[in-house]
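Asks: Starting off with a structure, shown below.
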Amino acid sequence: MSRPIIIGIAGGTGSGKSTVAQEIYNSLPEESIAVIEQDNYYKDQSHLSFEERIKTNYDHPDAFDTALLLEHLKKLSMGEAIDKPIYDFSNHTRKKETVRVEPRDIIVLEGIMILVEPEIRNMLDIKIFVDTDADVRIIRRIKRDIKERGRTLDSVIDQYINVVRPMHLQFVEPTKRYADIIIPEGGYNKVAIDIMIAKVNEIVRRKQGLK
Ligand code: ADP
Ligand code: C5P
Ligand code: MG
């Protein structure tokens with residue numbers, strides 16, 4: 001297998017990164033594509049108490065196990081399988097189980113900070129930034145975190161004002177400059193997603209023609 005094409009999808013929380021990644025994934029045969037979520041590479045915090053875990057700043061680059069993410073990206077690039085960690089948002093730590101990810105022609109890496117670290121950025125063949133206004137992002141996040149991540153309205157609002165917003169402005173927003181493509185609104189931007197899917201399909205056909 002030739003080296004995979006790695007597509008990075010960055011953007012603020014609630015911008016629609018995971019949804020865009022899923023749309024691209026759903027458009028291709030399963031054996032062509034794998035999705036790696038940076039969220040799964042939050043550091044393991046099982047040695048800390050729950051009270052200590054909720055104090056962590058999850059919107060700072062140091063919250064991520066970037067060394068492990070880099071190691072896994074390099075392995076996939078060399079045609080080796082990885083055991084991807086699984087993150088538990090309700091407990092703020094990694095689960096014990098992992099999931100096996102086989103090497104694929106297309107690797108989609110999505111997460112708030114994937115364009116921050118030069119070593120990761122330099123591995124990406126296509127860099128996308130999903131750009132959605134902050135008011136829309138916080139509304140989406142409130143709904144999602146209450147429904148899917150075990151949060152209360154007050155906890156989402158406090159975390160957003162005190163941590164997520166300032167960290168977004170400091171770390172996430174400035175990485176927009178590195179993007180090749182900016183997708184407004186995220187998940188349901190059909191035109192942008194269809195263009196991406198056409199491009200990715202063309203890459204897969206070309207790669208399979210080479211085999
Ligand atoms: P991210 O991974 O960037 O935080 P998600 O893809 O999880 O964002 O999207 C956040 C929430 O908003 C999800 O519940 C998702 O279904 C919803 N969503 C995503 N894109 C759109 C969109 N364009 N319009 C409305 N809701 C959206
Ligand atoms: O999918 P999304 O981009 O929203 O995921 C990143 C967000 O997850 C960060 O903004 C961070 O605040 C949040 N997070 C959290 N609790 C954790 C880990 C991450 O609220 N334990
Ligand atoms: Mg997400």
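Asks: Which residues, taken from the range 139-153, are within 11 Å of ligand 1 (Cβ to nearest atom) and either within 18 Å of the chain's Cα centre (by Cα) or surrounded by 14 or more Cβ atoms within 10 Å (Cβ to Cβ) (or both)?
Replies: Hits for the range 139-153 are ARG140, ARG141, ILE142, ARG144, ASP145, ILE146, GLU148, ARG149.
Asks: Of all residues in the range 175-188, how many are aromatic (Phe, Trp, Tyr) and surrounded by 12 or more Cβ atoms within 10 Å (Cβ to Cβ)? Spell out how you get there, then give the answer.
Replies: Quick first cut of the range 175-188, residues aromatic (Phe, Trp, Tyr) only: 178, 188.
From the residues that got through so far, the ones that are surrounded by 12 or more Cβ atoms within 10 Å (Cβ to Cβ) too are 178.
Of the residues in that region, 1 qualify.
Asks: Checking the conditions here, which among VAL200, VAL204, VAL191, VAL136 is closer than 27 Å to ASP88 by Cα and either aliphatic (A, V, I, L, M) or open to solvent by 30 Å² or more (accessible area, probe 1.4 Å) (or both)?
Replies: Among VAL200, VAL204, VAL191, VAL136, only VAL136 is closer than 27 Å to ASP88 by Cα and either aliphatic (A, V, I, L, M) or open to solvent by 30 Å² or more (accessible area, probe 1.4 Å) (or both).
Asks: Could you list, in sequence order, all residues of the range 7-16 that are within 8 Å of ligand 3 (Cβ to nearest atom) and closer than 21 Å to ASP105 by Cβ?
Replies: Those that are within 8 Å of ligand 3 (Cβ to nearest atom) and closer than 21 Å to ASP105 by Cβ: none in the range 7-16.
Results for (1) assigned to a loop (DSSP other than H, G, I, E, B); (2) within 26 Å of TYR188 (Cα to Cα); (3) of a type outside the set (D, E, K, R), shown as yes or no for each residue.
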position: GLU71; (1), (2), (3): no, no, no
position: ASP83; (1), (2), (3): no, no, no
position: ASN91; (1), (2), (3): yes, no, yes
position: LEU109; (1), (2), (3): no, yes, yes
position: LYS127; (1), (2), (3): no, yes, no
position: ARG140; (1), (2), (3): no, yes, no
position: ILE157; (1), (2), (3): no, yes, yes
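Conditions tested, residue by residue: (1) open to solvent by less than 60 Å² (accessible area, probe 1.4 Å); (2) within 18 Å of VAL164 (Cα to Cα); (3) at pLDDT below 95.
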| site | (1), (2), (3) |
| --- | --- |
| GLY8 | yes, no, no |
| SER32 | yes, no, yes |
| VAL35 | yes, no, no |
| SER49 | yes, no, no |
| HIS60 | yes, yes, no |
| PHE64 | yes, yes, no |
| LEU68 | yes, no, no |
| GLU71 | no, no, no |
| ALA81 | yes, no, no |
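Asks: Filter the range 169-211 down to the residues that are basic (Lys, Arg) and at pLDDT 95 or above and list them by number.
Replies: Selection gives LYS176, ARG177.
Asks: When you look at ASP39, is it touching a Lys or Arg at 6+ places or on another chain (Cβ under 8 Å), open to solvent by 30 Å² or more (accessible area, probe 1.4 Å) and modelled with pLDDT of 95 or more, yes or no?
Replies: Details: touching a Lys or Arg at 6+ places or on another chain (Cβ under 8 Å): no; open to solvent by 30 Å² or more (accessible area, probe 1.4 Å): yes; modelled with pLDDT of 95 or more: yes.
It is false that ASP39 is touching a Lys or Arg at 6+ places or on another chain (Cβ under 8 Å), open to solvent by 30 Å² or more (accessible area, probe 1.4 Å) and modelled with pLDDT of 95 or more.
Asks: While we're looking at this one, here's another question. Which residues, taken from the range 94-130, are within 14 Å of ligand 2 (Cβ to nearest atom), of a type outside the set (A, V, I, L, M) and buried (at least 20 other Cβ atoms within 10 Å of the Cβ)?
Replies: Across the range 94-130, the qualifying residues are GLU110, GLY111, PHE129.
Asks: One residue is enough: does the range 43-60 have a residue meeting the conditions more than 15 Å from ligand 3 (Cβ to nearest atom) and touching a residue at least 60 places away in the same chain (Cβ under 8 Å)?
Replies: Yes: one or more hits.
Asks: Further, regarding this structure: One residue is enough: does the range 154-174 have a residue meeting the conditions more than 18 Å from PHE89 (Cβ to Cβ), open to solvent by 40 Å² or more (accessible area, probe 1.4 Å) and away from ligand 2 (no atom under 15 Å from the Cβ)?
Replies: The answer is yes; a qualifying residue exists.
The values are calculated or read from the model by the stated rules, or taken from the named source; none is laboratory data. Keep in mind it's a predicted model, so treat the numbers as computed, not measured. Using ideal geometry, Cβ is built from the backbone for each residue, glycine included, and neighbour counts are taken over all protein chains shown. Side chains included, ligands, DNA and RNA excluded: accessible areas come from the protein's heavy atoms. Shrake-Rupley method; radii C 1.70, N 1.55, O 1.52, S 1.80 Å.
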